[in-house]
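Read through the structure below, which is laid out as structure tokens, and then see the notes.
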Amino acid sequence: MRPVASASAVAYVAAVSASEPGSPSELRASNRQRLLGLLRSRGPMTQADLARASGLSPATVSSIARELRDEGWLEEGDGGRRAALALSRSAGVAVGIDFGHSHVRVAIADLAHTVLAEAEEPVDVDHAAAHGITLAGRLVRRLLDEVGADPDRVTGVGMGVPGPLRRDSGEIGDSAILPGWIGARPEELMEAELGRTVRVENDANLGALAEIVWGAGRGRSDVVYVKVATGVGAGLILNGRLYQGAGGTAGEIGHVTIDERGPVCRCGNRGCLEAFAGAEAVLEPLRRRHGDGLTLRRVVAMASEGDLGCQRVIHDAGRALGLGIAGTCNLLAPEQVIVGGELARAGDLLLDPVRDVVRRAAIAATRAIPVTAGVLGERAEVLGAVALVLRESQRFVAEPPASPAVAR
Ligand SMILES: [Zn+2]
């Protein structure tokens, strides 16, 4: 069961809906929400940018901005952006949590997109879900305390989970890489632990959000992010929003057929992209020479040191990826393709063959779409969980933040 919205959020909704539909006060409330939403999803903006992005007149923006500043919602943004407005530090914080194969990582950011604190703790691969949740809860409370944020000011909690999530039941599916999480309902468990609404998303979608907010695709609104690690998956940002598909499973680029007579994939199909570019496809041909303990990280390191066999398998994975990405470019025409995940550490060793195939297999209009490496590395998921709160959640801390500008 989802906990009900906090009392203050309910009060806010009641105050908004109390005015007559279409009345000047309702219009003003909706314009305020529009401006606050823009600042939350895009970070600090000038009044001119706000007017352009919202379609409101500069006079309206200026008047609402003054009101919001007086109430303590806004402050002058920093980061060298002259006269930029940002959501106030005290307006709230977003919490991101990421469960990986052997770690739990937490990040806290303010609504002006500044990451205030980040920490990671190792966790045993065979741990039970409940243990991981307790550990994460402790880490969240410790970091909130460190940055001096009142738990009441948490605007939202985003979380990345170690496995496919069944959207109908909220359960982790049985192909999860962590056995202790199969059948668990992470959203429910974490909501019970923290006493707030939690939004859960898969790792590729979180990587996509993180890269457009803090990384290689900053400021872009049409981006395809491809994560190449144990599995291969994509996060799609279309028109500035995460595209999830009807059942929430959009982006399964790893199971696009590359060769119908290719190897059998874990999904049961044959010749999927993942069967050519996932970890097994990279590691398997190298085991005879390098032994069973081989990891992707090690293969990338050896390739960078000049090992021809390792370079060759990464090159082949890149060509297969190129086919999948070229088709995706034709279909969606993004501004940019970002490749992340463990194998992306190989940089141009992986990306040059991708670009080569895209140049040949994509149509003229999409041939020149830049294909770049993600820049956030292993932080991508936890920052994406924060971005999920900043960009996607509609909920706001309801009352104006405490500020010297507010008479009390
Ligand atoms: Zn497959």
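The values are calculated or read from the model by the stated rules, or taken from the named source; none is laboratory data. Small disclaimer: the values here were computed from a predicted structure and weren't measured. Methodologically, a virtual Cβ is constructed for each residue, glycine included, from the backbone with ideal geometry; neighbour enumeration extends over all protein chains shown.
Listed here are the residues, each with its yes/no results for (1) modelled with pLDDT under 90; (2) in contact with a Phe, Trp or Tyr (Cβ under 9 Å, 6 or more places away or on another chain).
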position	(1), (2)
30	yes, no
51	no, no
85	yes, no
101	yes, no
118	no, no
123	yes, yes
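Looking at segment 219-227, can you tell me whether even one residue there is at pLDDT 95 or above, within 16 Å of the ligand (Cβ to nearest atom) and more than 18 Å from residue 344 (Cα to Cα)?
Checked segment 219-227: no residue is at pLDDT 95 or above, within 16 Å of the ligand (Cβ to nearest atom) and more than 18 Å from residue 344 (Cα to Cα).
One line per residue, one yes/no per condition, for (1) surrounded by fewer than 21 Cβ atoms within 10 Å (Cβ to Cβ); (2) at pLDDT 95 or above:
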residue	(1), (2)
308	yes, yes
311	yes, yes
319	yes, yes
322	no, yes
342	yes, no
349	yes, yes
403	yes, no
406	yes, no
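Is it fair to say residue 134 is assigned to a strand (DSSP E or B), polar (S, T, N, Q) and either under 15 Å from residue 190 (Cβ atoms) or touching a strand residue (DSSP E or B) at 6+ places or on another chain (Cβ under 9 Å) (or both)?
So residue 134 does not fit the description; no.
Count, please, the residues in segment 281-300 that happen to be under 14 Å from residue 314 (Cβ atoms) and either assigned to a loop (DSSP other than H, G, I, E, B) or among the acidic types (Asp, Glu) (or both).
Number of matching residues: 3.
When you scan segment 283-300, do you find a residue that is crowded, with 16+ Cβ neighbours inside 10 Å, within 26 Å of the chain's Cα centre (by Cα) and away from the ligand (no atom under 16 Å from the Cβ), even just one?
Taking every residue of segment 283-300 in turn, at least one turns out to be crowded, with 16+ Cβ neighbours inside 10 Å, within 26 Å of the chain's Cα centre (by Cα) and away from the ligand (no atom under 16 Å from the Cβ).
If you check residue 260 against the conditions, is it more than 22 Å from residue 346 (Cβ to Cβ), without any contact (Cβ under 8 Å) to a residue 24 or more places away in the chain, surrounded by 15 or more Cβ atoms within 10 Å (Cβ to Cβ) and within 16 Å of the ligand (Cβ to nearest atom)?
Considered against the rule, which asks whether it is more than 22 Å from residue 346 (Cβ to Cβ), without any contact (Cβ under 8 Å) to a residue 24 or more places away in the chain, surrounded by 15 or more Cβ atoms within 10 Å (Cβ to Cβ) and within 16 Å of the ligand (Cβ to nearest atom), residue 260 comes out as no.
Search segment 141-153 for residues that are among the hydrophobic types (A, V, I, L, M, F, W, C) and pair each with any residue that is assigned to a loop (DSSP other than H, G, I, E, B) when their beta-carbon atoms are under 8 Å apart and the residues are at least 6 apart or on different chains.
144/150
Are any of the residues in segment 231-253 in contact with a helix residue (DSSP H, G or I) (Cβ under 9 Å, 6 or more places away or on another chain), at pLDDT below 95, away from the ligand (no atom under 16 Å from the Cβ) and among the basic types (Lys, Arg)?
For segment 231-253, residues in contact with a helix residue (DSSP H, G or I) (Cβ under 9 Å, 6 or more places away or on another chain), at pLDDT below 95, away from the ligand (no atom under 16 Å from the Cβ) and among the basic types (Lys, Arg): present.
Being part of a helix (DSSP H, G or I), under 19 Å from residue 223 (Cβ atoms) and in contact (Cβ under 8 Å) with a residue 12 or more places away in the chain is the filter here; which residues of segment 315-342 pass it? Steps first, please.
Within segment 315-342, the subset part of a helix (DSSP H, G or I) is 315-332, 342.
When the remaining residues are screened for being under 19 Å from residue 223 (Cβ atoms), the result is 321-322, 324-332.
Answer for segment 315-342, where residues must be part of a helix (DSSP H, G or I), under 19 Å from residue 223 (Cβ atoms) and in contact (Cβ under 8 Å) with a residue 12 or more places away in the chain: 321, 322, 324, 325, 326, 327, 328, 329, 330, 332.
Pairs under 9 Å by beta carbon, first residue more than 17 Å from residue 296 (Cβ to Cβ) in segment 264-281, partner within 7 Å of the ligand (Cβ to nearest atom) and among the charged types (D, E, K, R), six or more apart or different chains?
265/274; 267/274; 272/266
For segment 301-319, enumerate the residues that are more than 28 Å from the chain's Cα centre (by Cα) and either hydrophobic (A, V, I, L, M, F, W, C) or within 16 Å of the ligand (Cβ to nearest atom) (or both).
Passing the criteria: 302, 303, 308, 310, 313.
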